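S.K.: The structure that follows is given in the form of structure tokens.
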Amino acid sequence: MQSFAYHAPASVAAAIQAGTGVDAKYIAGGQTLLQSMRLGLAAPEALVSVTAIPGLAGISVAGGTVKIGAATTHAAVAASPDVRAAIPALADLAGKIGDRAVRNLGTIGGSLANDDPAACYPAAVLGLGATVHTDRRDIAADDFFQGMFTTALADGEMITAVSFPIPAKAGWQKFKQPASRFSLVGVFVSQGPAGTRVAVTGAGANGVFRATALEARLAAGWSAAALAGATVDPAGLNSDMHGSAEYRAALIPVLTARALG
């Protein structure tokens with residue numbers, strides 16, 4: 001790992017300033033970034049820690065929306081009585097990310113900014129029609145994810161919070177890789193203010209995506225029976241040592257049905 005500058009600013013504005021003009025990365029839990037640096041896959045000139053910034057971590061519920069600060073850990077989301085009451089499926093998802101160490105250090109903002117194609121949080125954000133807030137703007141979930149490890153974030157732009165509309169119904173199912181606990185296939189379903197949504201992670205070669213054909217079936221009838229005979233085209237899905245594209249395609253409608261509860 002090469003040498004780098006380290007900054008621990010006390011405000012969002014100071015964090016943006018610290019990252020301006022250099023190859024800098026914002027860091028909270030560092031569950032992906034630090035490993036990438038150790039492997040020589042990332043070599044930023046500076047790390048800007050966001051963990052000391054007041055107000056960047058925390059959960060609030062108001063006006064039919066759950067708002068989660070970017071520096072909020074997975075463990076905090078999983079344990080939150082407010083999240084459990086408003087969107088139980090979101091708390092369930094957060095509680096099954098990685099292991100205890102990852103859940104107690106990793107943050108929602110870091111997960112979304114990294115946009116790993118097998119990460120869990122992107123499925124919840126897309127599956128609930130959430131809004132990603134940054135220091136500059138608000139970005140709809142449908143516009144945020146743009147491909148493997150690629151988001152709508154501009155250079156130096158920082159996620160500050162995520163707002164989730166509270167759905168009438170929602171569920172999460174994950175078929176995990178047993179060692180890493182990443183999703184071979186993960187499916188988040190919801191029906192609410194953002195319509196009927198089915199978001200899939202782990203399966204797509206370009207990252208998280210919406211299974212629109214399954215959405216159409218569930219919009220007509222929210223039940224496992226509505227998915228009877230449903231298939232997913234394996235074209236464009238991942239195929240690796242853990243499972244072929246056809247295997248992942250077969251799992252998607254099965255997990256969608258299970259997510260309905």
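Every number here is computed from the coordinates shown, using simple stated rules; none is lab data. This is a predicted model, so every value here is computed, not measured. Glycine also receives a Cβ, built like all others from the backbone with ideal geometry; neighbour counts cover every protein chain displayed.
S.K.: Relative to the Cα centre, what is the charge dipole magnitude of the chain, using +1 at the beta carbon of each Lys and Arg, -1 at the beta carbon of each Asp and Glu, and rounding to the nearest 20 debye? Present the calculation step by step, with values, prior to reporting the outcome.
M.R.: Details: 18 positive and 17 negative charges, 156 e Å.
Charge dipole of the chain: 740 debye, to the nearest 20.
S.K.: If one takes the longest principal axis of the Cα atoms in the chain, at what angle in degrees, from 0 to 90 and to the nearest 10, does the Cα axis of helix 245-259 lie?
M.R.: Its long axis makes an angle of about 80 degrees.
S.K.: May I pose another question? Using per-residue counts of other Cβ atoms within 10 Å, averaged over each peptide, order 220-229, 194-203 from highest down. List each step's numbers first, then the result.
M.R.: Numbers: 220-229: 12.7, 194-203: 24.6.
So the order, starting with the most tightly packed, is 194-203, 220-229.
S.K.: So for Leu47, Leu218, Leu128, fewest C-beta neighbours within 10 Å to most, what's the order?
M.R.: Values: Leu47 20, Leu218 24, Leu128 28.
By the 10 Å Cβ count, ascending: Leu47, Leu218, Leu128.
S.K.: Give me the lysines in straight-line cross-link reach of Lys96: C-alpha distance below 23 Å, same-chain residues under 8 apart excluded.
M.R.: Lys67, Lys169, Lys174, Lys176
S.K.: Let me ask something else. Taking just the alpha-carbon atoms of the stretch 1-50, what radius of gyration and Dmax come out, in angstrom?
M.R.: That works out to 10.5, 31 Å for Rg and Dmax.
S.K.: Tell me, what does the Kirkwood hydrodynamic radius of the stretch 186-261 come to in angstroms if you use every pair of distinct C-alpha atoms? Each step should come with its number before you reach the end.
M.R.: Details: mean 1/r = 0.0804 Å⁻¹.
Kirkwood hydrodynamic radius for the stretch 186-261: 12.4 Å.
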